[in-house]
Amino acid sequence: MAERFQAPRGTFDVLPGESLARAEVYVAAAELFARAGYGRIETPAFEDTDLFARGVGQSTDIVRKEMFSFTDQGDRELTLRPEGTAPVIRAYVEHGMHKLAQPVKLWYWGSFFRHERPQAGRFRQFNQIGAESIGSDSPLVDAELILMLDELFRELGVPGVRLRLGSLGTAETRAAYREELRGHLHAHEADLAREVRERIDDNPMRAFDSDDPATRAVMAEAPTMLDRLDEADAEHLAAVRRVLDQAGVEYELDGTLVRGLDYYTRTVFEFESEALGAQAALGGGGRYDGLAKQLGGPDTPACGWAAGIERILLALDTDRKPPPAEVFVAAADAERERAMLLVRDLRQKGVHAELDLAGRSIKGQMKQADRVGARRTVILEGDGPAQLRDMSSGEQDEVELGRLVEVLGDRGEEDPGA
Ligand code: HAM
């Protein structure tokens, strides 16, 4: 027997039963963004490898070990996008969007790729909804973005949502802080996990993310960036907090919140759900005022977030029944083609109409009509009038063939007088 295939490790198929809840998330997000004046952007599934190496950062896990990179037939170094912010900024710069009224507010929905160890809620191809607001350093931008993600989770009914908020200061204030943190880590080097010890110099802040108990004990004593913000950074954070407080959005101020990407400045945040297991992060983001310049563009402040669609769906109850058919057209063998044309006419009128495509007997077709939840069934058996059966009452009437589309197409929903 020929060898069978399976979806590659860390990937999944979305089957029809699961796609309905996914579509609801899409519609909720699209409506939320439309109300807030965000335009949809789509960027390619792969980009120059250097865009991520420079944008996301050489010392991050993503760039060091999680990218799906390849050389194409033209010897170009390319990478399946592991995240969306660097590509969106690339597009902002490439299309001269700094000439538009600022901030430019963009959102996206699509697949991203990271070569991580698969587990519940962690995949190698996953999907994100993301938002980027580019061109303003106002703390209202950060606040607007956080309020929107909070609103999305509320509207979808995601249970057990918690928000952590922090600030990483600016590149300058952080450089001094990192030096101080390195000192603390070197002083306790013997207690640190090997992974953390090896990265004291290139990425000391990742030590806050360690699960190792001894490392955690060292980090509990470490100074945090929140203690080292300069006056302007501190006021920016205070302004974001004032809006969240007045809007009644609860959060935990967390000086140990370091995100896995290097571009952040000032505000960082992460939403988690108690309904999720080890991979609890629903979504996160922050401000990244240096990225556009770092990617060769104008010096442009920006802020954004991305949320994992599979994580949202895992946290939600996603059992959805497919919508029932409005009409099922059952037909004797000689009438099957006529049934197909009737179904086509009904669908053109916006009616959800189905028919048998598997050669079932009339009795079998009535069962199939039940299975698809049809409210009404038409039975075509000869040249005479058709039978129209109401599936809940069992009542059956004759209808002239020529009037079927008119009778069935009238869904009784429109009120012409209204
Ligand atoms: P991130 O935290 O790396 O941020 O990813 C955002 C969300 O994507 C995570 O909170 C998680 O829900 C989901 N996610 C990430 N990796 C996986 C995975 N392997 N499997 C399933 N879900 C995953 C970013 O990507 C930034 N670009 C966010 C941002 C936008 N910052 C500023 N603007």
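Each reported figure results from applying straightforward, stated rules to the coordinates on display, with no laboratory input. In this text, all values refer to a predicted model and were calculated from it rather than measured experimentally. Cβ: placed from backbone, ideal geometry, glycine included. Neighbour counts: every protein chain shown.
To the nearest 500 deg cm²/dmol, what mean residue ellipticity at 222 nm is calculated for the chain from DSSP H runs of n ≥ 4 alone, each contributing -39,500 (n - 2.57), summed and divided by the residues? Walk me through the intermediate numbers first.
On the way: 14 runs with 148 residues, N = 418.
The helix contribution divided over the chain gives -10500 deg cm²/dmol.
Computed about its Cα centre, the charge dipole of the range 220-344 is approximately 640 debye, with only Lys, Arg, Asp and Glu carrying charge at their Cβ. Using a Gaussian network model of the chain in which every pair of alpha carbons under 10 angstrom is joined by a spring, one finds that among Q246, Q368, Q58 the greatest mean-square fluctuation is at Q368.
Relative to the Cα centre, what is the charge dipole magnitude of the range 328-399, using +1 at the beta carbon of each Lys and Arg, -1 at the beta carbon of each Asp and Glu, and rounding to the nearest 20 debye?
Working: 12 positive and 13 negative charges, 77 e Å.
For this selection, approximately 360 debye.
Would you mind checking the pairs K105/K321; K105/K293; K321/K349; K321/K363 and listing those with alpha carbons more than 28 angstrom apart? Beyond 28 Å between Cα atoms: K105/K321.
Of L313, P324, L355, which is farthest towards the positive pole of the range 273-364's charge dipole, taken about the Cα centre with +1 and -1 on the beta-carbons of Lys, Arg and Asp, Glu respectively? Farthest towards the positive pole: L355.
Using the beta-carbon distance between S361 and Y26 and R0 = 41 Å, what value does 1/(1 + (r/R0)^6) give for FRET efficiency, to the nearest 0.05? Before the final figure, lay out each step's value.
Values: r = 40 Å, r/R0 = 0.98.
That pair, S361 with Y26, gives E of 0.55.
Backbone phi angles across the range 140-147, fed through the Karplus curve with coefficients 6.51, -1.76 and 1.60 (θ = phi - 60°), yield HN-Hα couplings of 5, 5, 4, 5, 4, 5, 5, 4 Hz in residue order; Gly and Pro are listed as x. Per-residue 3J(HN,Hα) values for the range 348-362, derived from phi via the Karplus relation 6.51 cos²θ - 1.76 cosθ + 1.60 with θ = phi - 60°, read 5, 7, x, 8, 7, 10, 10, 8, 7, 10, 10, x, 6, 5, 4 Hz in sequence order (x marks Gly and Pro).
Among T71, T170, T265, the residue with the largest mean-square fluctuation in a Gaussian network model of the chain, with springs joining Cα atoms closer than 10 Å, is T71. Distance between the C-alpha centres of the range 1-70 and the range 111-136: 5 Å, rounded to the whole angstrom. Ranked by how many other Cβ atoms sit within 10 Å of their own Cβ, fewest first, the residues F46, F12 fall in the order F12, F46.
Shown for L165, L106, L357: other C-beta atoms within 10 Å of each C-beta, ranked fewest to most, produce the order L357, L165, L106.
Tell me, what is the percent relative contact order of the chain, built from C-alpha pairs under 8 Å that lie six or more residues apart?
Reported as a whole number, the value is 16 percent.
Think of each Lys and Arg Cβ as +1 and each Asp and Glu Cβ as -1; about the Cα centre, that makes the dipole of the chain roughly 640 debye.
Just rank L342, L295, fewest to most, by other beta-carbon atoms within 10 angstrom. Mind dumping the intermediate values first?
Values: L342 23, L295 19.
Fewest-to-most ranking of L342, L295: L295, L342.
Placing unit charges on the Cβ atoms of the charged side chains and taking the dipole of the range 82-170 about its Cα centre, the candidate lying farthest along the positive direction among F112, T85, L145 is F112.
Distances between placed amide hydrogens fall under 5 Å for G255 paired with no residue 5 or more residues away or on another chain. When the range 1-159 is described by a simple charge dipole with +1 on each Lys and Arg Cβ and -1 on each Asp and Glu Cβ, the residue from A34, G135, G121 located farthest towards its positive end is G121. Karplus-based coupling profile of the range 175-187, in residue order and whole Hz: 4, 5, 5, 4, 4, 4, 5, 4, x, 4, 5, 4, 5, with θ = phi - 60° in 6.51 cos²θ - 1.76 cosθ + 1.60 and x standing for Gly or Pro. Highest mobility in the GNM of the chain, judged by mean-square fluctuation with C-alpha springs under 10 Å and restricted to R199, R216, R375, is found for R375.
Proximity of backbone amide H atoms, modeled 1.01 Å from N, is registered between L380 and A330, A331, A332 at under 5 Å, excluding neighbours fewer than 5 places apart on the same chain.
Site pair L100 and K321 shows an inter-label distance of 4.4 nm when each label is modelled 7 Å from Cα along Cα→Cβ. Where the centroid of each part is defined by its Cα atoms, how far is the range 313-390 from the range 184-258 in Å? Cα centres, the range 313-390 to the range 184-258: 60 Å. Amide H contacts for F68 (H built 1.01 Å from N in the peptide plane; partners 5 or more residues away or on another chain; cut-off under 5 Å): L80, H115. Does the range 1-117 come out rounded, prolate or oblate, given a ≥ b ≥ c as the square roots of the eigenvalues of its C-alpha gyration tensor, rounded meaning a/c under 1.5 and, failing that, prolate meaning a/b above b/c? Taking the square roots of the gyration eigenvalues as a ≥ b ≥ c, the range 1-117 is oblate.
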